[in-house]
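Working notes, beginning with the structure itself.
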Amino acid sequence: MAANLKTEQRHYYTLQEYFALEKVGDARYEYWDGEIFCMSGGSRQHYRLSSNIHLRLGQRVEVKGCETYTGEMPIKTPKLPPYRYPDASVVCGESQFESINGIDALLNPLLIVEVLSPTTETADRQEKRMAYQAIESLQEYLLIAQDKVEVTCYGRNGDLWFREIFTELSAQISLASINETITVAEIYRGIKFS
């Protein structure tokens, strides 16, 4: 017999319970207002896209005194505490951190990248986007679809944010935050769609 979801009690976790899990677990977890979600695991497409964007960004910014980080680096999100784990991020200049219960969270990303998954896409496009856009240093937020060729770039112009969508492999994405251009083809290198 199936459980009645309306009557089933949900456990809401405290931040202390979340931090305890973060310290002992090998996986990455995100805390969402009393719920804990595992951010590890995913499809081959997701891994390949994350690797592609991290590698390409790293090649371009290293000579400029910038650093790229993988999805292992938490980023502090004051509007959605305590932090999130994007798939890639870039900092130019000195990286700044805050220790949150023994975990070093990045404070000053210029560029954040998320590879969309069916289970996280809505949050990545809505709550996470708003939390990331509240970070003062952030200039661009890239969302990469894994089920089709589509890259959405949110860019900051003063206090306003604009959005561009790229669906052609030949398209070039100008990343003002790092003063570089990347093609959609570079992001989707090695990706095959069924």
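The values are calculated or read from the model by the stated rules, or taken from the named source; none is laboratory data. These numbers were taken from a predicted model, which means no experiment stands behind them. FYI the Cβ positions are ideal-geometry reconstructions off the backbone, even for glycines, and counts take in every protein chain you see.
Check whether at least one residue in segment 42-56 is in a loop (DSSP other than H, G, I, E, B), touching a residue at least 60 places away in the same chain (Cβ under 8 Å) and surrounded by fewer than 19 Cβ atoms within 10 Å (Cβ to Cβ), and report yes or no. Checked against the condition, which is being in a loop (DSSP other than H, G, I, E, B), touching a residue at least 60 places away in the same chain (Cβ under 8 Å) and surrounded by fewer than 19 Cβ atoms within 10 Å (Cβ to Cβ), segment 42-56 yields at least one hit.
Taken over segment 124-161, the residue count meeting the criterion of being of a type in the set (A, V, I, L, M), more than 24 Å from Val61 (Cβ to Cβ) and either in contact with a strand residue (DSSP E or B) (Cβ under 6 Å, 6 or more places away or on another chain) or without any contact (Cβ under 8 Å) to a residue 24 or more places away in the chain (or both) is 1. Just one of (1) surrounded by 12 or more Cβ atoms within 10 Å (Cβ to Cβ); (2) closer than 30 Å to Asp147 by Cβ; (3) over 16 Å from the mean Cα position of the chain (by Cα); (4) at pLDDT 85 or above fails for Tyr83. It is (3).
In this structure, does Phe166 turn out to be surrounded by fewer than 11 Cβ atoms within 10 Å (Cβ to Cβ) and over 15 Å from Leu57 (Cβ atoms)? For Phe166, the condition - surrounded by fewer than 11 Cβ atoms within 10 Å (Cβ to Cβ) and over 15 Å from Leu57 (Cβ atoms) - is not met. If only residues of segment 138-149 that are crowded, with 16+ Cβ neighbours inside 10 Å and more than 13 Å from the chain's Cα centre (by Cα) are counted, the one that is farthest from Asp33 (Cα to Cα) is Val149. Looking at (1) under 20 Å from Pro109 (Cβ atoms); (2) surrounded by fewer than 12 Cβ atoms within 10 Å (Cβ to Cβ); (3) of a type in the set (A, V, I, L, M, F, W, C), which is the one condition that is false for Ala27? So Ala27 meets the others, but not (1).
Considering segment 57-73, the residues that are of a type in the set (Val, Ile, Thr) and free of Cβ contacts under 8 Å to residues at least 60 places away in the same chain include one that is surrounded by the most Cβ atoms within 10 Å (Cβ to Cβ), namely Thr68.
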